[in-house]
Structures are given as C-alpha cells and as structure tokens.
Amino acid sequence: MKKTVKDVDFKGKRVLVRVDFNVPLKDGKITDDRRIRASLPTLEYIREKGGRLIVMSHLGRPKGEVIEHYRMRPVAIKLSELMGIEVKYCEDMNWDVVKKLAFNLEDGEILLLENLRFHKGETKNDQSLVEELLSLGEVYVNDAFGTCHRAHASTAGIPATKKIPSVAGFLVGKELEMLGKILSEPEHPVVAILGGAKVSDKIGVIENLIQKVDSLLIGGGMSYTFLKSMGHEIGTSLLDAESLTLAGQLMAKAKEKNVKFLLPEDIVVAKEIKEGTDHKVVNITDIPSDMMGVDIGPKTIDKFGAVIKDAKTIFWNGPLGVFELDDFAKGTESVATFIAHNSNAISLIGGGDSAAAAEKLGFADKMTHISTGGGASLEFMEGKVLPGIDALDDK
C-alpha cells in the first residue's frame, strides 16, 4: 500500500503536484477538459489543507523544444475557471524566476509550471532536472495515472530520491483501487472485452487476464489475427503476422484454463475505411478476398451481449470496429450499451478509444470507472510495476 494525500500534513508547505493535463487543443482552445476535471478533488483537498500548490504537467510531444502550440496557458485559463480562483502561470523556464514565484505562494494558492516536456531532461529522467524540481517543493503528490508507466523526471525521478514525502493523489488511488478489483478477488463471472488493432500490443494483458477471467471477448482489428491462426481467410483485414503463432498459443492457454475465448462469428466487411462506402455482413468463413473486416456483425453482437449480461465484473479496452465512422460503429456502440445497462456489474473501462466511445455515446456516467490512462491501465493489467507508483512512499 502506498501513502496518499490523507497521510501528509500540507499546512504552509509547497506541494509539487504532478497531474496529467495532456488535453486536446484546437486553435488554442481545449476541446476536452476531462483530464483537468479528474484532478480537481486532489487539488481542492490540498488547498483546503493549506498547501501551496506547484502544479506540473506535460502537453503533447514537443521533444525537449519550446513549441508555442504546446504552452500551458490555455490549461491555466481552464483550471482557473474550473476552480474559481486565479491560477498563476509561469511561462518563464528560468529556474530563478520559477523559484521566486514558488517561494512567494501563500496558503491555498496555485502556480502552474510551463510544459515539462519543453525540458529535454523530462523524458530522460535527468537528475539535474529532478533536483531543480525538487528544490521547488516540500511534498510531492502524483495524481497523473496516465503517465505512471513512464520513468520520467517528474513521475519517478522526484519520489525515487526519497528527499521529500511522496504520496498518491485521489485519482491515482482510485485507479489502483478500481483496476485492482480485477486482479485481486473480483466478483465472478469476470468478462474482459479486448479490441484495438494489434495482438502484440495486448499479449501481456491477455496472458495475465487468462489467469483471472471467465470469458475473453475479442473484437476489433486484433481479432483477424486470431481468425487467421485458426485457418480462416481474412481478405485484406488487418493482420499482425508476427503474432500468428502466439495467437494460437493464447487460445490454447485459455482452453487449458477453462476460459471462454470468444471471437467474432460474423463481421461487417468493406473495401475501404471510408464513410458511405459499400459494406455488408458476412460469416467469418465467407470473407471476400478483396474486402476487410471493419466491425463485428449482429450474431456476434448478440453472442457478446449474452455474456456481458451475466457478468459481475467487466473490463473493456479497445473498440470492436472502426467506431470513428458511423457505418462501422455498431459493434462498439452495442457493447457499450450492454455494459452501461448491466447495473449488476462493476464496469471498468481501460482508457483510450474505449473511454472516448463511452463519452461519445453518453454512457460515461453509467460505467463504474473509466481509466484516465490507456497505456498505464494496460501495463497495470499486465501485472507490470509502474515506475511512478513504485517510487511513492509505502505506508
């Protein structure tokens, strides 16, 4: 167990808070502020307890260069609006200037630093950057679950020094608690639904989940590699050729563990991924050589739905078709609907496109938990140690 914000006295202390404010921008405006809103309980709690907040995040991938489009100013404006107070913003990256602002904070005030990834040392976990950041604060709080799988200066570097108390924020604590429900003593039947493109991206997740779940439902681009490994012709569908043998081995492991491994029975096929293009439903034994799978078909939707309906714990990661196009979104929409309406189950959505689909369909508030970190949640589900969590203080 890791220490949390509840285990620290913040009164009058400068608190370094690592958040994940990597939000989408268009024309300098934030188009989705979910990640900012997710951090508010932690920020508000530290303020109430008299902490002086120095908030830090990355935005985009500027690769150690100062890129105007990735400045944190729009985030400072949005955070001020959401919290109802003025959030100070330090555009200057000169450490003397940053320190002066940080050391002049009063209890409950907030300073937002410039994009961490403007510093070349952030992604390299450079110790000189770690020391500069450390010099600003007296307590460290990690509330950026989406970056906890990265051993960066602001995620793993600071707490690893053990120079200041380092604890988890409410968001990180909730992520660990909710995702941990699947890995330790989940309520059965446990159903995992995996989609997305490549088998190789989810090998570790599948191997770990086979030990935990009762049913694995596989859709999306990755399903065609499994179908191909069974001897089916898949036309021009997405194929992860290097994982063909492994796909067969994973299915054999599932059988050995008495885990239902469900693949599509029918699929929607098209010649190209384009709105309005001709498409049709075919059985998996009848995929035309010049067409590709773009969604699961109605029989598969019914089959998956019956399993989801009886589940007590559900984990979903990855769309079941090209859900960005309405013509190929029915499978993903149907699965989201089944999950949302299964009020008997704990439903955990593993971030990324699955979270986007749940939001787009208006089902987000009907899910028990939507992870804020796609990559981090997957690595956690693989059973991997997350550097940003591991380095925090133990209780």
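Semi-axes of segment 102-239's equivalent ellipsoid from the Cα gyration tensor, sqrt of 5 times each eigenvalue, largest first, rounded to whole Å?
Three semi-axes, in Å: 41, 20, 12.
With label points built 7 Å along Cα→Cβ from the Cα atoms of ASN344 and GLN249, find their separation and express it in nm.
Using points 7 Å along Cα→Cβ, the separation is 3.7 nm.
Going from the alpha-carbon gyration tensor of segment 80-119, what semi-axes, largest first and in whole Å, does one get by taking the root of 5 times each eigenvalue?
Over the Cα atoms of segment 80-119, the semi-axes work out to 19, 14, 6 Å.
Under a Cβ-only charge scheme (Lys and Arg +1, Asp and Glu -1), can you give me the dipole magnitude of the chain about the Cα centre, in debye to the nearest 20?
820 debye
Any idea of the accessible area per residue across segment 181-291, 1.4 Å probe, to the nearest Å²?
Roughly 47 Å² per residue, with all protein chains present.
Relative to the compact-globule scaling 2.2 N^0.38 Å, provide the ratio for the alpha-carbon radius of gyration of segment 51-174.
Ratio of Rg to 2.2 N^0.38 Å for segment 51-174: 1.00.
For segment 46-68 and segment 100-118, what is the separation of their C-alpha centers, rounded to whole Å?
When both Cα centres are located, 8 Å separates them.
Could you pull out every one of the lysines with an alpha carbon less than 23 Å from that of LYS6, ignoring same-chain neighbours closer than 8 positions?
Filter leaves LYS49, LYS162, LYS163, LYS174, LYS181, LYS395.
Report the dimensions of segment 190-296 along its three principal axes from the alpha-carbon atoms, largest first, rounded to Å.
Sorted from largest, the Cα extents of segment 190-296 read 41, 25, 23 Å.
Using a/c under 1.5 as the rounded threshold, could you call segment 337-395 rounded, prolate or oblate? The axes a ≥ b ≥ c are square roots of the C-alpha gyration tensor eigenvalues, and prolate needs a/b larger than b/c, oblate otherwise.
It comes out prolate by the Cα gyration axes.
Semi-axes, largest first, in whole Å: what does sqrt of 5 times each Cα gyration tensor eigenvalue give for segment 270-395?
Rounded to whole Å, the semi-axes are 31, 18, 14.
In whole Å, how far is the Cα centre of segment 231-299 from that of segment 311-376?
Centre-to-centre distance over Cα atoms comes out at 20 Å.
Which peptide among 223-232, 73-82 comes first, and what is the full order, when sorted by highest mean count of other Cβ atoms within 10 Å?
223-232, 73-82
With a 1.4 Å probe and all protein chains left in place, how much of the accessible area of segment 283-370 comes from carbon and sulfur atoms, in whole percent?
Solvent-exposed carbon and sulfur of segment 283-370 make up 50 percent of the total.
Sort 235-242, 182-189, 133-140 for me by packing, meaning the mean count of neighbouring Cβ atoms within 10 Å per residue, highest on top.
Packing proxy ranking, top to bottom: 133-140, 235-242, 182-189.
Could you work out the relative contact order of the chain? I mean the mean sequence separation of Cα pairs under 8 Å and 6+ apart, divided by the number of residues, in percent.
RCO, the chain: 17 percent.
For segment 291-360, what class follows from the C-alpha gyration tensor (a ≥ b ≥ c being the square roots of its eigenvalues): rounded when a/c is under 1.5, otherwise prolate if a/b is larger than b/c, else oblate?
oblate
Take the Cα radius of gyration of segment 207-246 and divide it by 2.2 N^0.38 Å, with N its residue count; two decimals is plenty.
Expressed relative to 2.2 N^0.38 Å, the Cα Rg reads 1.27.
For segment 206-359, what is the convex hull volume of its Cα atoms per residue in Å³?
Roughly 107 Å³ of hull volume per residue.
Once Rg and Dmax of the Cα atoms in Å is worked out from the coordinates, which option in (i) 22.7, 70; (ii) 23.6, 81; (iii) 32.1, 110 does it equal?
Checked against the structure: label (i).
Among GLY84, ILE389, GLY373, flag the residue with its Cα farthest along the positive direction of the charge dipole of the chain, charges on Cβ as +1 for Lys/Arg and -1 for Asp/Glu.
Result: ILE389, furthest along the dipole toward the positive end.
Across 10 Å bins from 0, what is the distribution of all Cα-Cα pair distances for segment 41-87, in whole percents?
Each 10 Å bin holds this share of Cα pairs: 22, 46, 25, 7.
Quickly estimate the mean residue ellipticity at 222 nm for the chain, helices only: each DSSP H run with n ≥ 4 gives -39500 (n - 2.57), and the total goes over all residues, rounded to 500.
Result for the chain: -9500 deg cm²/dmol, rounded to the nearest 500.
The values are calculated or read from the model by the stated rules, or taken from the named source; none is laboratory data. Every value quoted in this text rests on a predicted model; they were computed, and no experiment measured them. With ideal geometry, Cβ positions are generated from the backbone for all residues, glycine too; neighbour counts draw on all protein chains shown. What goes into the accessible areas is simple: the full protein's heavy atoms, side chains included, and nothing from ligands, DNA or RNA. Shrake-Rupley method; radii C 1.70, N 1.55, O 1.52, S 1.80 Å.
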